Every structure is written in structure tokens, then in C-alpha cells.
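Heads up, the thing below is written out as C-alpha cells.
Values in this text are rule-based calculations from the coordinates and carry no lab data. Just so we're clear, the structure is a prediction, and the values are computed from it rather than from any experiment. Neighbour counts are summed over all protein chains in view; Cβ atoms, including those assigned to glycine, are modelled from backbone coordinates with ideal geometry.
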Amino acid sequence: MKRTKIKALLATSPSNQLVTVNGWVRTFRNNQFISINDGSTIQNLQAVVELNSVDESLLKRLTPGACLSVIGELVASLGKGQAVEVKVKQLEILGDCDAEKYPLQLKNRPSLEYLREVAHLRSRTNTFSAVMRVRHAMAFAVHNFFNERGFFYIHTPVITGSDAEGAGAMFRVTTLDPNNPPRNEQGHIDFKEDFFGRETNLTVSGQLEGETYALALSEIYTFGPTFRAENSNTTRHLAEFWMIEPEMAFYDIQDNMQLAQDFLQYLVRYALKNCTEDLEFLNKRAQEEEDAKPKEQRSELGLMDRLKFVSENDFQRLSYTEAIDILKNSNPNKKKKFQYLIDEWGVDLQSEHERFLVEKHFKKPVILYNYPAEIKAFYMRQNEDGKTVAAMDVLFPGIGEIIGGSQREERYDRILKRIHELKLPEKDLWWYLELRKFGSAPHSGFGLGFERLIQFVTGMTNIRDVIPFPRYPGNAEF
Ligand code: 4AD
Ligand code: MG
């Protein structure tokens, strides 16, 4: 008989029909009540074993984590907590699970830190299955959003020869023998002999390649893995993360900011509407985490309230210069509470400053724009003041920067000058420069860090807990 998923069964009215359920045992109580989860929903299905109907030796094997297949009648449940349950007629263990050795059994409530060490099994917990269902829903919503608006999904390469951010934090891709690489006459490693006949790396961003298609298809987006070899051990950085990068011809920085707000609000609304059960569970777990903190560190709004608030209210737009004024005159700056004090225009903002603006000053998401050129990437459009560029960062409560983007410099002479000033490898960027020679157009785009979005939506505090197998300095297990 064909198996039915638990999510579908729980939405079915019971009429003693026979059903097949496959899943993993969560608990087995009183030698009678099996709680089964198959991952289709956070809810478990209760299967009831009638006395003497199933062999005693089989019941012994119903340990948490064991995989089983049950055939039984779907009936209205007498117990509270569920509308239907299954009266077991037949029971088969598909995979035993040694209760003594099962890593999720060792502790009552394993910590998130411990679960990272067993990332191949943490998928079985309520928390991780809820997070990954939300992650799936958000990926789906990303495609929906752009598809509804006529954007085309472009697959940009994972292996590239360029450094999109000009920041140099890249993983090299090579097939040369590290112990005996070919060398040129000067004794340097000869990458002409390498697989691609040149130096290559894993991409840090699909933006530059994305621009080539925006200047042909008008509105495009990418959605793929990106890689950064920065030694950042924080709750917001991964070495491998997923990024969504829309790129639009004929958009200026204001249009770009509006799209970023519309996009984020759409995603949050989608989650509220389609991930209710998982979000309610995650809301409760986030609340417990909050309650364990000292009072002054707790956030004012719970997860659900935060999501509603963001989806309903306009983001605050603020220039970098205005932000510096606010920060300079802020209490934590005057009382020297900031680790990095703000004294002059031009400094890069740290996450303590971003959080102050978002969480304390405006109490809503902030879009900061027009940053000093010196602290931003080479491709950003230079403003007429000669000091700032049309950059924008979207800052979220509890997260900090969730989106970074800009209007792009579409003027050939201006961008070439900037490439020279920054001593970037002009020869590698020849094709990018040609876009500015042949039918250039004003255009803009941004990048949304997918895991930071998932952190915001699920309320998980560590980015390592919103991707199945996190990659960070010192860790590439699994
Ligand atoms: O601000 P970033 O570096 O911007 C770019 O890469 C541009 N090329 C985007 C564009 O304009 N098309 O990165 C964009 C976003 C950040 O705002 C952040 O959310 C996320 O990507 N991000 C990271 N997420 C996890 N781990 C890291 N190491 C990240 N670095 C950036
Ligand atoms: Mg950035």
C-alpha cells in the first residue's frame, strides 16, 4: 500500500481507512503509544499498539530514532493533542536504533553546539527540521518573487578568474601538485600549466557576471553558493554561504532600495503565511532562549512580533553622513561605551553602530546609503560630491547587514580611473569594462545573504545553525 505523509494524514478526516505511515520514532510510551515523525511537518503522528496485537520482541525495538513502517486504521483520537491517530495493524522496523549509542539520546536536550558535531543527525531534531523547512520555503519564495516580476534566473559560474569584491578573500581552485608545481623562469608557480591555463578561485559573488545579463535581459537574479576565505569566527559569517543577487538595468539607487524593501517584506510575509507551525515552534524556542538571558540583553519583541513589524513598516532610509551625526552624538559614543568610537566622517561602521541605529535609535530596519568611496567596492557609482558612492546596506534588528548593494558605475572613464587607483588587475576585468563601452546603461543591484535572512526569519542566533553543513575556519566535517 502506498505510504501517506503525516502532514497529509493529519489533514484527513478519519473513517477507519487503512493507511501506511513511514517515519522515525520520537517516543514510545506505556508500551502502547508511538509518536512518529516523518519530517513532512513538525507534528508527530500517534500510532496506538493494541495489547497483544504486536509481538513483544518488536516492541522492544521501538526506541527513539528507530525507523519504522506502520499499517493501521486512521481513527479519531480520544487523547488530547491530536485529531487523528493510527490503530496499528501491522508494524515493521525498517532500521533499528541502539538507544545506548544514539547521539541524540545521550542528553535530554542537546545544545546547539553539541548538535553541530553531529550535523548528520541534527536533522532529526524539531529545531533543525523546522529551520530547514523554513529555508526551503524561503528559497521557493525567492524564485516566486522574481518570477512574478519578470526577472530571469541566471546561473553564474562557481569557478571564476575574477575577484568581484576586489577584497582578495578567495579560495584558490587548482589541479597543480602542491608538492611539485610547475615553475616559470622567475621561479614562480606557472599557472599557465594549471587546469584552466590561469589562476582561478571560487566565486565571492555572481554580481559581475550577473551585470552582463542585466545589460541584455534588463532584470535578472542569481541564487547560488558563494565563498569567502576570511578568517571570521562570528555568528554571522560562513566561509560558504548562499547569496541572491538581483541586477537591474535602468534602476537608480532609489529604485534599488525600494526593490530591496519589497523583496524582504515579501519573503517575511510568505514565511508568516506558509510556515505558521514551524514559526510558532521556533518562536517558543527563541523565547526560552531569551528568557535565559539577563533582562537588559533581551530583545523587546518576540520572533513573530518582529516578523510582523518588519513586514508592515517602511524601512528607515538614511545617508551615511546622517548616520555618522547620529552616532557621534549618541550616548554610547559620548560615554565611550562603543568599542570603536565614532570621531570622524569616513570610518567604516562596526556592527555595534549598526545595531545601535536599528535597535535603539530607529527601532526598525534601516537602509544606509551614500557611503564614503574609500570603504566600498570599486564598481559602485561615484556621486557628484567626489567623496561618496551610491552604495546601500540594509540593516536588520539582531542581524546587522542583511543586504549590500549599489548603483553601478556605468561610465567607462570613471570606473577605469577607480580600477587604476585601487591597483586592481585591469587585464582580468577587460570584459567587465567592455560592458561600459558597448551600450552601457545605468543599472543597480544588491546581494541578500540567504543564511542571514534565515537567521532573521527563524530567530536562530548562530548562522551555523541555519545551513545543513556549515563551513567555517577550521571546520569542513561532513
Ligand atoms: O556586502 P556583500 O559582500 O556584497 C556583495 O557581494 C555584492 N557583490 C552584492 C551585490 O551588490 N550584488 O555581500 C552581500 C550580502 C551581505 O549583506 C550579507 O548578508 C551576506 O551577503 N554575506 C555573508 N553571509 C554569510 N557569511 C559571510 N561571510 C557573508 N559575507 C556577506
Ligand atoms: Mg557588504
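I need the P(r) histogram for the chain: all alpha carbon pairs, bin width 10 Å from 0 out to the longest distance, whole percents.
Each 10 Å bin holds this share of Cα pairs: 4, 16, 24, 22, 16, 11, 6, 1, 0.
If you add up the charges near Glu312, with Lys and Arg at +1 and Asp and Glu at -1, over every other residue whose beta carbon is less than 14 angstrom from its beta carbon, what do you get? Walk me through the intermediate numbers first.
Numbers: positive: Arg269, Lys273, Arg306, Lys308, Lys363, Lys364; negative: Asp262, Asp305, Asp314.
For residues surrounding Glu312, the net value is +3.
Which FRET efficiency, nearest 0.05, do Gln90 and Asp190 yield, Cβ-Cβ r, R0 56 Å?
Values: r = 67 Å, r/R0 = 1.20.
E between Gln90 and Asp190, to the nearest 0.05, is 0.25.
Please list the helices of the chain that count as membrane-span-like by this rule: a mean Kyte-Doolittle hydropathy of at least -0.5 together with Cα atoms stretching 15 Å or more along the helix axis, each helix being a complete DSSP H run. Don't skip to the end; give the middle numbers.
Values: long enough: 126-148 (32 Å, 0.17); 253-274 (31 Å, -0.31); 276-291 (22 Å, -1.77).
In the chain, the long hydrophobic H runs are 126-148, 253-274.
Can you sort Leu395, Leu78 so the residue with the fewest Cβ neighbours within 10 Å comes first? Please report the intermediate quantities before stating the final value.
Working: Leu395 27, Leu78 8.
Ascending Cβ contact count within 10 Å gives the list Leu78, Leu395.
Pairs Lys295/Lys336; Lys2/Lys284; Lys295/Lys376; Lys80/Lys101: which exceed 27 Å Cα-Cα? Each step should come with its number before you reach the end.
Numbers: Lys295/Lys336 22 Å; Lys2/Lys284 35 Å; Lys295/Lys376 37 Å; Lys80/Lys101 32 Å.
Beyond 27 Å: Lys2/Lys284; Lys295/Lys376; Lys80/Lys101.
Where in the range 8-37 does the amide nitrogen come within less than 15 Å of the point 7 Å from the Cα of Ser69, taken along Cα to Cβ?
Inside the label zone: 19-24.
Working from the pairwise distances between different alpha carbons, so that the mean of 1/r is found and then inverted, what is the range 12-113's Kirkwood radius in Å?
14.2 Å
I'd like the FRET efficiency for Lys5 and Glu421, computed as 1/(1 + (r/R0)^6) with the beta carbon distance as r and R0 of 60 Å, rounded to 0.05.
Working: r = 59 Å, r/R0 = 0.98.
For Lys5 and Glu421, the calculated efficiency is 0.55.
Which order results if Phe456, Phe151 are arranged by neighbouring Cβ count within 10 Å, fewest first?
Phe151, Phe456
If amide H atoms are built 1.01 Å from N in the plane of the peptide, which residues on other chains or at least 5 residues away come under 5 Å of the amide H of Thr27?
Under 5 Å from the amide H of Thr27: Ser35.
Cα centroid distance between the range 95-164 and the range 166-210, in Å?
Comparing the Cα centres of the range 95-164 and the range 166-210, I get a distance of 31 Å.
Suppose only helical runs count, i.e. DSSP H with n ≥ 4. What mean residue ellipticity at 222 nm does that imply for the chain under -39500 (n - 2.57) per run, divided by all residues and rounded to the nearest 500 deg cm²/dmol? Spell out each step's value before the answer.
On the way: 14 runs with 141 residues, N = 478.
Roughly -8500 deg cm²/dmol at 222 nm, from the helical runs in the chain.
In the range 371-425, what GluC sites (Glu not before Pro) fall in a loop by DSSP, with at most 14 other Cβ atoms inside 10 Å?
Details: sites: Glu374, Glu384, Glu401, Glu409, Glu410, Glu421; in loops: Glu384, Glu409, Glu410.
Those that pass, being in a loop and sparsely packed, are Glu384.
At q = 0.18 Å⁻¹, what base-10 log of I(q)/I(0) does the Debye formula yield for the range 330-474 when every alpha carbon is treated as an equal point scatterer in vacuo?
-1.12
On average, how much area does the Cα convex hull of the range 390-478 cover when viewed from any direction, in nm²? Numbers along the way, then the final one.
Working: hull surface 34.5 nm².
It is 8.6 nm².
In nm, what is the difference between 0.36 nm times the number of residues separating Arg29 and Phe478 and their Cα-Cα distance? Write down the numbers at each step before the final one.
Working: separation 449, 0.36 × 449 = 161.64 nm, distance 3.38 nm.
Taking 0.36 nm per residue and subtracting the Cα distance, the gain is 158.3 nm.
Tell me, His443, His120 in order of fewest to most beta-carbon neighbours within 10 Å? Numbers along the way, then the final one.
On the way: His443 23, His120 12.
Lowest to highest Cβ neighbour count: His120, His443.
Could you tell me the distance between the Cα centroids of the range 53-81 and the range 407-451, to the nearest Å?
With the range 53-81 and the range 407-451 each reduced to a Cα centre, they are spaced 62 Å.
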